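The values are calculated or read from the model by the stated rules, or taken from the named source; none is laboratory data. Remember, predicted model here, so these are calculated numbers, not experimental data. Here Cβ is always computed from backbone atoms with ideal geometry, including for glycine, and neighbour counts include all displayed protein chains.
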Amino acid sequence: MNLQAKLTLGYVVLVVVLVGAISGMDLASNMQEQFEATLERAEVLNPVATKFVRQTLNSRLTVPLREALRDSSLERDLLDLVTDARAILEIAVVDPKTNEVLADSDPSRLGQTSGPYPNFRNLVLDTGWQQKVQVLLSHAPEYYQLERALATPAGETVLLVRVIIAPALIRHDINPVMAKKLEVAAATVAAAIGITFLFSAIAFRPLGRLRRQLDLVTRGEYEPEKPSAKQRKDELSVMASKVSLLGQRLRGAQFEVSDLRGNIDRLLQDLEDAVFIFNREGSLVFASGSVEKFLGRERGELSGQPITEIFPPATTLGLLIAQAAQTGRPVRNRRVPLPDGAVVLVSVDRLETLTGVPGSGSGLLVRMRDPEAQRKIGRELQTADRLAAISRVSSGVAHEVKNPLNAILLHVEVAKARLARGETDIEPQMEIISREILRLDRVVKTFLDFSRPVELKLSTVPLQEFVREVVDLARPQAEASHIQVDVAQEAEGVEVRVDRDLMKQAVLNVVVNAIEAMPEGGDLRFEAHAFEDTAELRISDTGSGIPPELREKIFRLYFTTRKEGSGIGLAMTFRIVQLHDGTIDFTSEPGQGTTFWIRLPIAV
């Protein structure tokens, strides 16, 4: 059933329900009016009948009560009252104790028992239309009453005058009205259905054109129909033309996507990595880069193939990708052997944007890298960093060498001048020269020690364990200086490959500087974090901070701001971190403290 048929059927059902509801409410209202009219008639007859009974008794005071009530004129009066009211069955005068009929509009009822029956006023005023319908349609006769009492001056009830009502007789008054209402309702429903079908045929004609336009868009045929001038004023016709325009734009967007995909493909072809994108069904939608290098297959062969055929689960690589796709947990630079014996670095990520719905059913991005190419680039960057570091160290050494050389040159000139004047007492100048030569020798030895190649004893160390060891070493000195030590570990399970002793020395150099920057106490905070392929250790203090003009010099050899400092600690830290292929940097705000962070590669 199409949309037009559903809407038409819905309109028909709605019309039938509305007409039925209105007709039902009308019938219920008419029924209530009939009940209320009967009640009103009964309430009028009851006091009149009581009046007739009282007049009869007053006219025959010498006759016993039972005999006085057997009066033919009373019977005629009661019968006349009942004749014009169809629903009122009888008027009975009964004994209040035995309910024996003493007088009645129906003489055959004399001596019989009558009532008591439910109060008709309660039925009319206190019940709903459902109960009234049940009373009208009941097969067993149901009677109701309205009664008035005749009492002596002392208040003793002598007689009861009852108006007996048969509600089923009201049905005869309602039936003609109901038949007429049903005829009107049926005619209304038929007319409404006809109008609805006519309206549907006219109103949904533009919808048919819109459906045809959508079919054209689906097939890629974007030429719109040529609507007439009358159709152009119709809202759905305007919508159809807009759908056609949208189809043309969609075609342009497809061309743009195709061009963009080609450009991305050409860009990735020059990379050493291989990139695979799978849709939510697990089929390959894009592959670029060094695909042939890693898989030994042409990219054209892979398009549209399922992920299980490109990366079979029976292989280590396929099992890793299948687990990542099932659990949704990303994989970062995992070393995986290929069937030909080569080793690649594999990264797997979920692509939520392919479906727009987070969670299951999203696409998958797989990247493959050659670790040897990555190491080559890393070594080149390390060489550049080390050359820059040597330049900084050399500038520091040159500064330290320059001072004693200047002093030696100055005092040599003084000694030459004194000798030229015939003065032979040049011992003070020789002592200074000797002292400066020793100082120069110490500087040169320190530089040689600093620049001598170091053999690293690398081992895989859990980052959290390493941080705990550093904190345990620093805590006594910090507590002695009234410094609070805080630790925040967010690198569970992360390992780094370092020379434990050298790296501990490098970190402790930073920690000691931080403690010395807080002579009056403060907070020393250690934080460990893990990122995509690096681990980060942060050391923060609440000291006076580093002035902006000194920030470029703190890693230089022999640079220090303390009289008792050697200027070697941070330079040595810088060198040790570089030897581990890591980086070190800092941020500082005067008066608020300094934060150093050391980043190291995560052990693969």
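SER459 falls short on exactly one of the conditions (1) modelled with pLDDT under 85; (2) more than 23 Å from ILE554 (Cβ to Cβ), and that condition is (1).
Yes/no per residue for (1) within 20 Å of GLU292 (Cα to Cα); (2) at pLDDT 85 or above; (3) outside any helix (DSSP H, G or I); (4) of a type outside the set (A, V, I, L, M):
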position	(1), (2), (3), (4)
PRO312	yes, yes, yes, yes
ILE321	yes, yes, no, no
ARG329	no, no, yes, yes
ARG332	no, no, yes, yes
PRO339	yes, no, yes, yes
GLY356	no, no, yes, yes
VAL366	yes, yes, yes, no
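Within the range 491-523, can you find the residues that are in a strand (DSSP E or B) and either closer than 18 Å to ILE584 by Cα or of a type in the set (Asp, Glu) (or both)? Show your work before the answer.
To start, the set of residues in the range 491-523 that are in a strand (DSSP E or B) comprises 495-498, 522-523.
Scanning the range 491-523 gives GLU495, VAL496, ARG497, VAL498, ASP523.
Does VAL101 fit the bill of being assigned by TED's automatic domain parsing to the domain that holds ILE170, assigned to a strand (DSSP E or B) and without any contact (Cβ under 8 Å) to a residue 40 or more places away in the chain? For VAL101, the condition - assigned by TED's automatic domain parsing to the domain that holds ILE170, assigned to a strand (DSSP E or B) and without any contact (Cβ under 8 Å) to a residue 40 or more places away in the chain - is met. For VAL189, the stated conditions do not hold, so it cannot be described as within 60 Å of the chain's Cα centre (by Cα) and surrounded by fewer than 16 Cβ atoms within 10 Å (Cβ to Cβ). Residues to consider are GLY111, GLY115; find the one that is closer than 28 Å to ALA37 by Cβ and of a type in the set (Gly, Ala, Ser). Answer to the check: GLY115.
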